[in-house]
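S.K.: Here it is: the structure, laid out below.
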Amino acid sequence: MNFYLDTDTNLFAVGKYMVDHGFKVGGYKKGDDNPKATQADAEEIFKNRKDLTKDLNIKAKNKDGVETEIPTLPVRFVTTADHDVIAVDNAKSPTKVVGLNPGSASAIVGFDTPEGQKTININFTVFTSDLRFGELKVGVTNPPVSVNANEIDGRYIWDSKLLQSLRVNDSDKNGFINSVNKQGVNSEALTPFLGTFGITIKLTDITYKPGTKEADKDTFYMTDNYKLVFKPKSGDYSFDKVNLQSFKIAITGPDDKTISIIFNLK
């Protein structure tokens, strides 16, 4: 069994960004024109801005490289000599990591397995960004998309069955990406910064089978956290039992350019 850390190792320097925008814990040293984020800043982020941090999860693949279902393997420690670059939420049994200041950090991650404790070596890269919009992209390359009626409800719009991914590149071409992999693991590096980048997302052009009365229409909408809710009036997700036919997801950037993807039910 080969174990690996299932988290993004290319991290945005959340700590540095917060410090540069006046959110430094403990104040600034006199004459410091380029202040760094510290462990105290990390504690503040873990306490009040968990949406800007990343989960630490251990996954496994078999000898053929195939993802293998395993019980949750708790991370027991993360050691690094580069405490200015990354931080974890707890010294013992950490669950989250955050980028503090730009740079690279080598780390040893220790975790429990049924065969005893194991370790893996990880390299983290932390980058800075002024969060100026550069480019908007989605994973779908050949719209419109045909989607099974029973594969819509409860999925994020960037799910592999829908947009496949949602990405904004900043002006320095750093990528902030939302995606859900085939194992259903959701990753949202972009969501906390959608407003800062000036991105709007709308669910539009919803169509139903001709002749469907308003009171008989399937329930269909997008939540505030960009999940789709789809509840057929019939209670049956078979294509011939639903009356929802198609919908469009439209994403607009601050340059007023819109990416619109149509989804047809099948």
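S.K.: Just to be sure I follow the rule: in the stretch 104-211, considering lysines 8 or more places apart or on different chains, how many pairs have Cα atoms under 17 Å apart?
M.R.: 4
S.K.: Under a GNM of the chain (C-alpha, springs under 10 Å), which listed residue has the highest mean-square fluctuation: K182, K96, K213?
M.R.: Residue with maximal mean-square fluctuation among K182, K96, K213: K213.
S.K.: Another question, then. Do any GluC sites (Glu not before Pro) in the stretch 57-135 lie in a loop, going by DSSP, with at most 15 other beta-carbon atoms within 10 Å of their beta carbon, and if so which?
M.R.: Loop-located and lightly packed - E69, E115.
S.K.: For the chain, what is the charge dipole size about the Cα centre, in debye to the nearest 20, if Lys and Arg each add +1 at the Cβ and Asp and Glu each add -1 at the Cβ?
M.R.: That gives a dipole near 320 debye.
S.K.: Just going by the charge dipole of the chain, with Lys and Arg at +1 and Asp and Glu at -1 on Cβ, which of Y17, T252, G175 is farthest out on the positive end?
M.R.: T252
S.K.: Measure off 7 Å from each Cα along the Cα-to-Cβ vector at N186 and L203, then give the distance between these two points in nanometres to one decimal.
M.R.: Result for the modelled spin labels: 1.3 nm.
S.K.: I120 to D55: FRET efficiency via 1/(1 + (r/R0)^6), r the Cβ-Cβ distance, R0 25 Å, to the nearest 0.05?
M.R.: Between I120 and D55 the formula returns 0.95.
S.K.: ³J(HN,Hα) across the stretch 91-105 via Karplus (A = 6.51, B = -1.76, C = 1.60, θ = phi - 60°), whole Hz, x for Gly/Pro?
M.R.: My calculation for the stretch 91-105 gives 5, 9, 6, x, 10, 9, 10, 9, x, 9, 10, x, x, 10, 9 Hz in order.
S.K.: Rounded to the nearest 0.05, what FRET efficiency do S246 and E135 have when you use their Cβ-Cβ distance and R0 = 35 Å?
M.R.: Step by step, r from the Cβ atoms, then E = 0.80.
S.K.: Moving on. Using a 10 angstrom cutoff on alpha carbons, build the Gaussian network for the chain and name the most mobile of G110, G253, G154.
M.R.: In the Gaussian network model the winner is G154.
S.K.: Relative to the longest principal Cα axis of the chain, at what angle does helix 39-48 sit, 0 to 90 degrees, rounded to 10?
M.R.: 30 degrees
S.K.: With r defined as the distance between the Cβ atoms of I259 and Q39 and R0 fixed at 41 Å, what FRET efficiency is calculated, to the nearest 0.05?
M.R.: 0.55
S.K.: Defining a contact as two alpha carbons under 8 Å apart and six or more residues distant in sequence, what relative contact order in percent does the stretch 1-104 show?
M.R.: Averaging sequence separation for qualifying contacts and normalising by length gives 35 percent for the stretch 1-104.
S.K.: Show which aspartates and glutamates lie in cross-link reach of K217 when reach means a straight Cα distance below 16 angstrom and same-chain residues fewer than eight apart are skipped.
M.R.: Filter leaves D153, D205, D236, D240.
S.K.: Another one. Cα centroid distance between the stretch 116-151 and the stretch 31-71, in Å?
M.R.: The two parts, judged by their Cα centres, are 15 Å apart.
S.K.: Just need the relative contact order of the stretch 108-253 here, percent rounded to a whole number, with Cα pairs under 8 Å and 6+ apart.
M.R.: The value is 21 percent.
S.K.: Another question, then. Would you work out what percent of the accessible area of the chain, with all protein chains in place, is carbon or sulfur (probe 1.4 Å)?
M.R.: C and S atoms contribute 46 percent here.
S.K.: What net charge do the residues around A91 carry, taking every other residue with its C-beta under 15 Å from that of A91, with Lys and Arg at +1 and Asp and Glu at -1?
M.R.: Summing Lys/Arg as +1 and Asp/Glu as -1 gives +1.
S.K.: Okay, next question. Grab the other residues whose beta carbon is less than 14 angstrom from that of E151, score K and R as +1, D and E as -1, and report the net.
M.R.: +3
The values are calculated or read from the model by the stated rules, or taken from the named source; none is laboratory data. Since the model is a prediction, treat every value here as computed from it, not as a measurement. As a convention, Cβ positions derive from the backbone with ideal geometry for all residues, glycine included, and neighbour counts pool all protein chains shown. Heads up: the accessible areas ignore ligands, DNA and RNA and are worked out on the full protein's heavy atoms, side chains in. Shrake-Rupley method; radii C 1.70, N 1.55, O 1.52, S 1.80 Å.
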